[in-house]
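Worksheet: one structure, shown below.
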Amino acid sequence: MEELTASLKRVFGFEEFRTGQAETLRDLEAGQDVLAVLPTGAGKTLIYQLYGYRHPGCVLIVSPLLSLMNDQVDRMRMAGFRRVAAINSLTGRDERQAILRHLGEYQFLFMSPEMLSQPTMLSQLRQVDLSLLVIDEAHCIVQWGPDFRPEYLLLGAIREKLGMPRTLMLTATAGKTTRQEIAHQLRCQPQVVATSVDRPNIFLDVEDVGDGNEKQARLAELVGKLPGPGIVYFSSKQLASDMALWLQSQTGKVVAAYHAGLDNESRFKIQQQYMAGQLDLICATSAFGMGVDKNDVRYVIHYHLPADMESYAQEIGRAGRDGEPSLAVLLYAPGDEQLPLMLGQANRPTAVTVHDYYARPAAFDVNDPGVHLLAFYRNHGISEAAVVRLFTRRERERNRALAQMLSYVREPHCLRQNWLKAFDEQGTHSDKCCAPKAVALDLATLGLQQSTLATVTSTKTAWRDQLRQLF
């Protein structure tokens with residue numbers, strides 16, 4: 001531990017580790033594969049950066065999002081790590097060729113599962129000395145693998161082809177079942193380092209609204225009253241865009257939409273503006289949030305019902321990372337559960353479709369997302385019966401997860417206890433803990449009022465004015 005702490009101070013200037021960092025590094029140094037379940041803001045990236053500094057070879061990081069990947073590369077270069085690169089769909093042909101020519105010289109390399117699964121890329125990586133394989137946002141293996149990005153299901157086989165390198169799996173939330181599935185898919189038996197998912201400074205609130213109009217009105221009321229930066233999550237890209245414009249006109253706040261329908265340049269600009277404090281609110285789909293290192297988010301509101309408790313925990317965990325009082329509100333109208341049910345089934349072919357495709361694949365449109373999914377499984381030698389079993393199991397898991405989410409929404413006593421139970425934890429109820437559906441939300445008591453924003457804004461403006469004068 002003394003040696004690790006000395007490295008920490010030498011590389012990053014910190015005197016001590018955050019909770020979970022030292023334990024994870026200690027297990028990695030002992031030759032163990034590790035699944036680290038650490039909350040948002042716990043400094044998960046420092047773990048593999050410090051490990052890579054201490055060991056020769058290349059740290060290969062599998063990352064789910066282009067924006068997250070490029071942001072991490074930029075941050076590492078600013079922190080002094082020069083031998084770092086990313087290969088993804090945004091990497092130009094000449095730059096990619098240059099990286100590949102010098103592949104063995106890199107200390108850190110970022111890739112998506114899709115890029116990593118390409119045979120030519122995998123062949124070149126087998127020639128590289130890998131000191132560590134990192135699966136960032138490892139819960140995506142379970143949430144996305146079966147019916148969205150099936151390349152995640154290849155990571156176990158890819159790991160074997162790379163010679164079973166020491167592996168670090170990182171995520172902010174993973175219940176017992178998810179942990180088991182991650183280990184199963186990656187074909188390992190990792191040491192688990194986990195801290196509590198609980199965030200006591202985040203007040204939990206569920207509010208029943210009669211219909212869409214009442215929900216929209218309540219959203220505008222909350223946004224108008226709440227201070228500081230916030231995030232509102234939607235399940236619809238179009239509604240996120242429409243509501244961003246509407247909320248700006250209704251509240252006078254500076255609002256932008258962020259979702260997968262925007263081009264990469266627009267998403268990058270919006271994320272940077274939000275980080276710099278130039279936006280008060282982001283209306284987002286789940287595409288926003290991974291790797292967003294913003295400490296002062298005061299509230300997260302869910303306009304639509306999340307599909308599962310793990311997604312919900314990930315998203316509300318983006319509030320209050322500075323430890324100050326923050327708020328998570330879920331607005332629920334009767335029938336809201338139909339949308340996650342419909343979205344869950346959108347790309348999942350029926351047993352009949354699977355049978356027809358395997359019988360005559362040429363008769364299907366390859367541009368259809370469901371057909372693309374079936375083509376992936378067929379091309380990788382997975383049988384029709386196995387695919388049907390996979391989708392049946394996936395539907396059963398989604399229904400179970402949604403039932404758990406509805407149990408939270410309908411909780412009459414303590415939301416925190418209900419939430420923690422989903423992660424095999426226990427909590428104690430208090431007045432500053434939560435407001436279940438029958439309890440009114442009191443922003444004044446929580447210290448979350450618009451007046452707070454005026455103080456913060458004036459301080460921030462004065463600071464910027466002083467900086468302009470100095471330079």
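Could you please report the charge total around Glu324, scoring K, R as +1 and D, E as -1 over all other residues with beta-carbon less than 12 angstrom from its beta-carbon? That works out to +1.
Can you give the charge dipole size of the range 2-194 about its Cα centre, rounded to the nearest 20 debye, using +1 on the beta carbon of Lys and Arg and -1 on the beta carbon of Asp and Glu? Display every interim value, and only then the final one.
Details: 21 positive and 21 negative charges, 53 e Å.
Magnitude of the dipole: close to 260 debye.
Rounded to the nearest 20, the size of the Cβ-charge dipole of the chain about its Cα centre is 760 debye, with Lys and Arg at +1 and Asp and Glu at -1. Annotation note: trypsin sites (Lys or Arg not before Pro) in the range 88-169 located in DSSP loop regions with a Cβ neighbour count of at most 13 within 10 Å are Arg126. Give, as ranges by residue number, the residues of the range 321-352 whose backbone N falls under 17 Å from the point 7 Å along Cα→Cβ of Asn213. 333-334, by backbone N distance to the label point. Taking square-rooted eigenvalues a ≥ b ≥ c of the alpha carbon gyration tensor, is the range 11-87 rounded, prolate or oblate, where a/c under 1.5 means rounded and, failing that, a/b exceeding b/c means prolate? Note, shape of the range 11-87 comes out rounded.
In the chain, if the dipole is taken from +1 on Lys/Arg beta carbons and -1 on Asp/Glu beta carbons about the Cα centre, which of His429, Ser326, Val134 is farthest to the positive end? Toward the positive end, the furthest listed residue is Val134. Between Asn264 and Lys161, residue separation times 0.36 nm minus the direct Cα-Cα distance comes to 33.9 nm. Based on the convex hull around the alpha carbon atoms, the range 2-194 presents an average projected area of 10.2 nm².
Here the spin labels are modelled as points 7 Å beyond Cα on the Cα-Cβ line, and at Met1 and Glu29 they lie 1.1 nm apart. Spin-label model, Ala79/Thr392: points 7 Å from Cα along the beta carbon direction are separated by 4.6 nm.
Here, each number is a calculation from the coordinates, and none is a lab measurement. In this text, all values refer to a predicted model and were calculated from it rather than measured experimentally. Here the Cβ is made from the backbone with ideal geometry for all residues, glycine too, and neighbour counts use every protein chain on show.
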